[in-house]
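Below you'll find the structure, written out as structure tokens, and then a few comments.
Just so it is clear, none of the values below were taken in a lab; they were calculated from the coordinates. Quick caveat: nothing in here was measured; it's all calculated off a predicted structure. Every residue, glycine as well, gets a Cβ built from its backbone with ideal geometry; the counts of neighbours run over all protein chains shown.
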Amino acid sequence: MSTTPTTPTTRRSGFVLLLALGAFALGLDAYVMAGLLPRVATDLHVSEASAGQMVTVFTLCYALGAPVFATVMAGRPAKVVLGCALLVFSAGNVLTALAPSLPVLLVARALAGVGAGLYSPMAAATAAGLAGEEKRGRSLAVVMGGMSIGTVVGVPLGVLLAEHVGWRGTLWLITALGLVAVVGITRLPSIPASPPPPLRQRVRILADGRVAGIAVVSLLGGTASLGLYTYLAPFLAGAAGSQQVVGAMWAWGAGGVLGALLIGRIVDRTRRPFAIVAWILALLIVAHLALPFTAHLTWALFLPLVVWGAAGWALQVPQQHQLIAAQPGQAPVAVALNSSAVYLGSAIGSALGGTVLATGLNPATLPYCTAVLAAVALLLHGTAVRHFTRRTTLPVPAGAQEKSQRATTAAE
């Protein structure tokens with residue numbers, strides 16, 4: 001039985017903010033390691049290609065491990081699932097901060113990835129249960145906004161902090177944030193919240209050719225965009241001899257916020273998600289191809305970084321619309337599949353980037369490789385996906401807009 005009607009509004013708002021604090025720690029942890037990559041590699045006496053695999057295992061466990069553990073935890077109270085998720089996440093970060101070697105670091109990142117992947121969708125579902133119908137969207141925005149702020153604002157600050165206290169100090173900060181959220185979550189009321197769709201349901205829906213095509217495009221988009229982000233620091237060092245990663249992260253993050261804020265209105269106004277995806281992929285290709293040519297000029301580099309961030313963050317909204325149009329009766333499962341595809345793509349991108357660097361290739365050439373991947377995604381989108389998609393405008397079925405908003409936050 002929901003306690004929403006009997007829980008004071010101020011207390012409910014406070015709980016939502018605690019959920020957002022946990023999401024902030026997740027967003028910071030998921031992306032800050034890219035900025036810390038050179039320091040981690042130096043400290044552990046390994047190559048940057050090898051150290052980059054810590055992002056691979058984190059995102060791989062987020063994409064694949066979390067749905068498995070979500071199924072195991074199904075039926076348990078939301079605050080138990082949230083508390084366990086944050087404890088696993090925090091334990092992973094403690095182990096990361098103490099890691100004496102690369103193998104220990106990889107195990108630690110896998111543990112943190114499982115905790116993060118389990119926490120994020122359950123936090124969104126719990127926030128929706130706390131708010132009630134009239135303020136559900138606002139509460140979801142607060143929680144997911146916590147993750148966005150952690151990525152856009154927290155990551156550069158985390159890198160700056162590492163310059164003074166070392167990369168391990170940044171991990172201790174993330175651990176502290178997670179533990180503070182755990183303490184607050186123990187006071188949550190009993191809220192009915194559905195677990196995220198299990199991996200079995202996400203895979204079964206791939207029998208629909210249109211859904212499979214869209215998911216592969218999302219996977220390739222995540223491979224290109226997030227894979228390159230993992231090696232942003234080595235790219236800047238190789239292309240321009242620059243160690244100023246923080247400014248580049250600010251630009252990428254600013255573009256991400258811009259893309260995330262504008263894309264919803266663009267999709268709603270045009271009602272042409274298929275065409276929008278094509279334009280976004282084209283912009284991503286152009287931005288990546290421009291990076292090596294602009295790396296020596298700070299003011300010129302700013303533009304492709306912003307476009308890259310905007311395109312990478314905006315891509316999934318029209319993708320989700322297409323998935324809901326393809327499977328309107330299974331919106332949460334379809335969008336959860338898209339989320340898994342994106343994070344799996346990030347894991348593949350990190351692994352491939354590390355492999356490329358291990359061959360001795362100059363990191364300055366990485367954007368050319370990711371541009372090719374984005375071009376393959378665009379080709380697939382224009383052929384296979386088009387084959388399963390109506391050539392006319394794709395209106396989202398009645399009620400699907402609300403389903404999209406709920407399903408998206410439940411799948412991130």
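In whole angstrom, how far apart do the alpha carbon centroids of the stretch 32-57 and the stretch 142-159 sit?
20 Å
Given the stretch 197-412, report the % of alpha carbon pairs whose separation exceeds 23 Å.
Numbers: 10174 of 23220 pairs.
Counting pairs separated by more than 23 Å, the tail of P(r) holds 44 percent.
Using a 10 Å cut-off around each Cβ, can you sort Leu160, Leu228 from fewest to most neighbouring Cβ atoms? Kindly include the intermediate steps, with their values, before the conclusion.
Numbers: Leu160 14, Leu228 28.
Exposure proxy ranking, most exposed first: Leu160, Leu228.
What is the set of long-range amide H partners of Ser242 at a cut-off below 5 Å, with H atoms built 1.01 Å from backbone N?
Ala237
Over the alpha-carbon set of the stretch 217-318, work out the extent along each principal axis and list the three values in angstrom, largest first.
That gives 44, 22, 19 Å along the principal axes, largest extent first.
For every other residue with a beta carbon closer than 15 angstrom to the beta carbon of Ala99, add +1 if it is Lys or Arg and -1 if Asp or Glu, then tell me the sum.
Values: positive: Arg39, Arg109, Arg168; negative: Asp29, Asp43.
For residues surrounding Ala99, the net value is +1.
What three numbers, in Å, describe the spread of the alpha carbons of the stretch 279-369 along their principal axes, ordered from the longest?
50, 30, 15
Translational diffusion coefficient, Stokes-Einstein: compute it for the stretch 8-195 using the Kirkwood radius over C-alpha pairs as Rh, at 25 °C and 0.890 mPa s, and state it as an integer in µm² s⁻¹.
Numbers: Rh = 16.4 Å.
For these conditions, the coefficient is 149 µm²/s.
From the phi angles alone, apply the Karplus equation (6.51, -1.76, 1.60; θ = phi - 60°) to the stretch 229-243 and give each ³J(HN,Hα) in whole Hz, x where the residue is Gly or Pro.
Coupling constants for the stretch 229-243: 4, 4, 10, 4, 5, x, 4, 4, 5, x, 7, 9, x, 9, 10 Hz.
Return the Rg/Rh value of the stretch 21-127, two decimal places, where both radii are evaluated on C-alpha atoms and Rh is the Kirkwood radius. Kindly include the intermediate steps, with their values, before the conclusion.
Values: Rg = 14.0 Å, Rh = 13.9 Å.
Checking Rg against Rh, the ratio lands at 1.01.
Hey, how many Å between the Cα centroid of the stretch 331-381 and the Cα centroid of the stretch 289-316?
So the separation of the two Cα centres works out to 17 Å.
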